[in-house]
1. Can you list the HN-Hα couplings for the stretch 3-13, worked out from phi with the Karplus curve (6.51, -1.76, 1.60; θ = phi - 60°), rounded to whole Hz and with x for Gly and Pro?
2. What does the charge count around Ala609 come to, taking other residues whose C-beta lies under 13 Å from its C-beta (Lys +1, Arg +1, Asp -1, Glu -1)?
3. Rounding to the nearest 10 and keeping the result within 0 to 90°, find how far the Cα-based axis of helix 32-42 lies from the longest principal axis of the chain.
4. Under the rule a/c < 1.5 gives rounded, and otherwise a/b versus b/c splits prolate from oblate, where does the stretch 532-609 land using the Cα gyration tensor?
5. Modelling each spin label as a point 7 Å along the Cα-to-Cβ direction, I'd like the His404/Arg36 distance in nm, to one decimal.
6. In whole Å, what is the distance between the alpha-carbon centres of the stretch 115-153 and the stretch 571-590?
7. Let me see the pair-distance distribution of the stretch 205-351: every alpha carbon pair, 5 Å bin width, integer percents in order.
8. No solvent, one uniform scatterer per C-alpha: report log10 I(q)/I(0) for the chain via the Debye equation at q = 0.12 1/Å, two decimals.
Amino acid sequence: MKCPPVLPTEVERLKALSEYGLADERPLPSLDSVVRIAARMFDMPVAAVNMIGNDHVFFAASTGVGEVDMSRDVSFCAHAITQDGVMVVPDATTDERFHDNPLVTGSAGLRFYAGVPLLSANGLPLGALCVIDHKPHEDFSQDDRSRLRELANMAADRLELRRIEVSAERAVRLDVSQDVAACQDEAKELYRLANFDILTGLANRGRFFRQVEEALARPLPVAAVMIDLESFKDVNDTLGHAVGDYILQEVAHRLETSVRDTGIAARIGGDEFAILLYDVTDPQRASEISNAVNDAIARPIIIDDQEIRIAASCGVALAPLHTGNPVELLGNADLALFRAKTNGRGRSLVFEPSLRMEAAARRLYGMEIHRAVKEGEFLLVYQPQIRLSDGALTGAEALIRWRHPIRGLLTPAAFLPALERGPLAATVGSWVLDEACAQAALWRRNGMETFRMGVNLFAAQLRGSDFATEVIDTLEKHGLPPSSLELEITENIVLDHDDVVLEKLRDLRAYGIGIAFDDFGTGYASLSLLKRYPLTRIKIDRSFVDGMLVSEKDASVVRAILDIARAFDLETIAEGIEREPQRDGLLHQGCTEGQGYLIGKPMLAPHFAEAFDIAPPLPMKRAVMTG
């Protein structure tokens, strides 16, 4: 058994813990609801908030624990507080740190553990919120980790309120009136800091969650609205943090004005806001309010005579219509927000049960992806790309599919969200790259000397320190020149890891590999990215191509994109060409290449080879390798 390490800040940590006035005999009742919710949410028999003392661990709240007197040396939570994020032990009997731990080998029978540190206001770990089971779990997903962190935020908020109460109690007991007043003022300031966002003055995350809990406990009909500003990071990066802060303050003011006496507004994250609307029972009414909020945020913001526009997406859920559980209510609103953001900018969507079913399906797919990788259930199809001027084949885009043993052939829409958020995204991405390059090499050796293969990247691949080296090694392995490969990136990928991604893409472009910007024109940051990123091609999104014949707005966007591409000396390819007038119109306006059902649907390699009279595919599909 490995004893937990002692943090370098142990003295400061223990001092901070003493400020909360907690001890074995003084649990914190306000945390009881958090551990009960955790146990129900993850279907675990045990959940607890463990505070880590000098040599002992005590429970601030727990459910399903029973009689346990635990030393720090055996505590899993004592390990968890030394890590960032969520510590997950799928099976303690196979973990070298815990396999001979008395909690594992003894009557407690601990097999599974997941815990996340609870931090003080100064970032010192006080203890951990954990869930425990007597059986192993290999399926604790990234979504599960996010939900556990959310509950940990709630627990940390309650701990902070406890510290404020203790501080106030100590102030009252002081003999000197001046010190009493000073301590009381400090307690008030601490209360403000614990309940309100410093920048905007809105309620913070903890206060908002408590207001939701109190409303549902009475119970009151309410609507929760989760709000996300779109591409705010790019505004911050291009215009500066001072401008970004002003925009957040202005958005907060507009939210407060929108709700007035009907609810409360809160800032719950960097560019994330929320509204709790009281006495709202009608989804239509909630939708009208959220649409009005979107409209209010979308109004121009004037800074130094410069007009700035910000869009937002909203997700709405109602209680008791959709649920009476506060965590589920906010989770439902988040699911609606997720769908709203996928539907386009400035959208608002009210939760419906099918969204939770979709989320459950994503979670199920996340569990099954491990098997799919091991059993080689993924495969690639290829959609042809042609030169519009003469119809000559220039290459193909490699697209992933899942041959599910029960559900049949699945398109990326069904499983990609689960794959991208899971731990195997980089592994599958590497397989896609290798498989596509192997196929391109075969076709180039059999008559298609200039064939170019387009490969979509996962964000997880670009987080790897050796990604550029991996790509170059793959090309060399299959004897391909750099010009034979075009890596496709999206705005979300580059914005999530801006500087890191930029450096790797520049290295790949310097080597001669093409970089295509996919779904161009659908996001806020596209123009600024063209200035910074080493792109070679712009892909015009199918949504504009589809509407260009009937919508002057879509036609104008297509013309503008082509003008921009010429100004930046970039090639263009249009997606989603399904009719000849679309192809002819794009060619007339100067678009060089295209793909879509008019040209060819995504095909398995044998069908692709037959359609374009080139060599047969690889003799057999190779499975994804995990080792």
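Every number here is computed from the coordinates shown, using simple stated rules; none is lab data. Because the structure is predicted, anything quoted here is derived from the model rather than measured. Note: ideal-geometry Cβ built from the backbone for every residue, glycine included; neighbour counts use all protein chains shown.
1. Per-residue couplings from phi come out as 6, x, x, 9, 5, x, 9, 4, 4, 5, 5 Hz.
2. Combined, the nearby Lys, Arg, Asp and Glu give 0.
3. On a 0 to 90 degree scale, this one is about 30.
4. oblate
5. 3.6
6. 50
7. Here the calculated profile for the stretch 205-351 is 2, 10, 21, 24, 19, 12, 7, 4, 1, 0.
8. -1.36
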